[in-house]
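The values are calculated or read from the model by the stated rules, or taken from the named source; none is laboratory data. Since the model is a prediction, treat every value here as computed from it, not as a measurement. Cβ coordinates were reconstructed from backbone atoms using ideal geometry, including for glycine residues, and neighbour counts include every protein chain displayed.
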Amino acid sequence: MRAAVVTAFGGPDVIETRDLPDPEPAAGEVLVEVDTADIIFVETAIRRGQHGGFFDVEPPYVPGSNLAGRVRAVGPGVPDEWIGKTVVGRGVNFGAHAELARTTTDLVEVPAELGLRTAVAVYGDGFTALMLEELAPPMTGQDVLITASAGAMGLLLIQLAHHAGARVIAAARGEEKLELSRVQGADVLVDYSKPSWEKLVLEATNGQGASIVFEGAGGELGTTAFSATKDGGWFSAHGAPSGGFAGIDPAEAARRGITVKGIMDLRADSTTTAVTGADVIARAVAGDLVPVVDKVYDLDHVADAHRALEDRTLRGKALISVRR
């Protein structure tokens, strides 16, 4: 099979397309002929050798997590009825950026009205977005700030907050990304490439700050977003494209009565949340989650997808088209 391979930790140039032996599904696994896979920002950090505390992977490895395609074979203990089904799911130890990928049986059949490309575009980001929706306080009538609002998950969070009846404040970099945020349902647009952008958030909330903050930018932007959070509010730090997750002082959060959910909290909560992959697909079919796909790269240009993520040029989702 053909696959993208991260040959060493480093920049995008370490990614090569290689011919590898076809994998065999182990007990409890399924082998999928991959049609399309997604790519998310954290994969660029893993490629650089960062986030070792979260992901145990060493080069050479095949990147990519979420995938959609057709089941070719099943391992011992898996019913043959899976064979031939069109599914979306997650690769075992990454591996999605390849013509064949092993998965667990935690798969979801893709409804014909949704399609493979839409299913994989919404699957991973949609799961996180629905988990955040479940963990956050009710959004109806609340001021909700969403940073990195023009990213794939930011746009889904805008949709969820808008459908819930929130007043959505979208923060992103530049007019094009803010316009995309507006189209998805944002009410207030804030360009955080400009100085003192948090003052615009405060002005839009009568000086109180946003009651709920979905912080997907990280770094200094995330810390600034925390300063624009209402006392007694709720704040999630789930994104790190700006150089690490937002660093929040627990003492200050306690003093201001703000509930903070860091990335480790979200990982822990994911073991008890009721959200499933089937929920994500059902919400997509219902129109509650509509992924915005900006660019599709083929298997020979996975490195270009990494560059686009790192350069912040994407407006929405990037996908990897595997099937030739």
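So the values come out like this:
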{"read-out": "When residues of the range 134-150 are limited to those that are out of contact with any strand residue (DSSP E or B) (no Cβ under 7 Å at 6 or more places or on another chain) and at pLDDT 95 or above, the one farthest from Val188 (Cα to Cα)", "value": "Pro138"}
{"read-out": "Cβ pairs under 8 Å, 6+ apart, first in the range 31-47 and closer than 17 Å to Ala121 by Cα and assigned by TED's automatic domain parsing to the domain that holds Lys85, second aromatic (Phe, Trp, Tyr) and buried (at least 24 other Cβ atoms within 10 Å of the Cβ)", "value": "Asp38/Tyr123"}
{"read-out": "Unique residue being of a type in the set (Val, Ile, Thr) and farther than 21 Å from Val293 by Cβ when the list is Thr140, Thr118", "value": "Thr140"}
{"read-out": "Leading residue by the ranking (nearest to Ala96 (Cα to Cα)) among those in the range 300-324 that are assigned to a helix (DSSP H, G or I) and aliphatic (A, V, I, L, M)", "value": "Val302"}
{"read-out": "Selection within the range 107-126 - within 11 Å of Thr86 (Cα to Cα) and crowded, with 23+ Cβ neighbours inside 10 Å", "value": "Val110, Ala119"}
{"read-out": "Output for the range 95-115, where each listed residue is touching a residue at least 40 places away in the same chain (Cβ under 8 Å) and either assigned to a strand (DSSP E or B) or within 23 Å of Asp19 (Cβ to Cβ) (or both)", "value": "Gly95, Ala96, His97, Ala98, Glu99, Leu100, Ala101, Arg102, Thr103, Thr104, Val108"}
{"read-out": "Gly126 being within 28 Å of Asp38 (Cα to Cα), small (Gly, Ala, Ser) and in contact (Cβ under 8 Å) with a residue 24 or more places away in the chain", "value": "yes"}
{"read-out": "Long-range neighbours under 6 Å by Cβ, at least six apart or interchain, first residue modelled with pLDDT of 95 or more and surrounded by 22 or more Cβ atoms within 10 Å (Cβ to Cβ) within the range 55-82, second assigned to a strand (DSSP E or B) and of a type in the set (Ser, Thr, Tyr)", "value": "Ala68/Thr36"}
{"read-out": "The range 276-299 residues that are under 15 Å from Glu133 (Cα atoms), paired with ones that are assigned to a loop (DSSP other than H, G, I, E, B) (beta carbon under 8 Å, 6 or more apart)", "value": "Gly277/Asp106; Gly277/Leu107; Val280/Leu289; Arg283/Leu289; Ala284/Leu114; Ala284/Val290; Ala284/Pro291"}
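Every residue, every condition in (1) buried (at least 23 other Cβ atoms within 10 Å of the Cβ); (2) under 18 Å from Asp311 (Cβ atoms); (3) not assigned by TED's automatic domain parsing to the domain that holds Val260, yes or no:
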| site | (1), (2), (3) |
| --- | --- |
| Ile146 | yes, no, no |
| Leu155 | yes, no, no |
| Leu160 | yes, no, no |
| Ala164 | no, no, no |
| Glu175 | no, yes, no |
| Ala210 | yes, no, no |
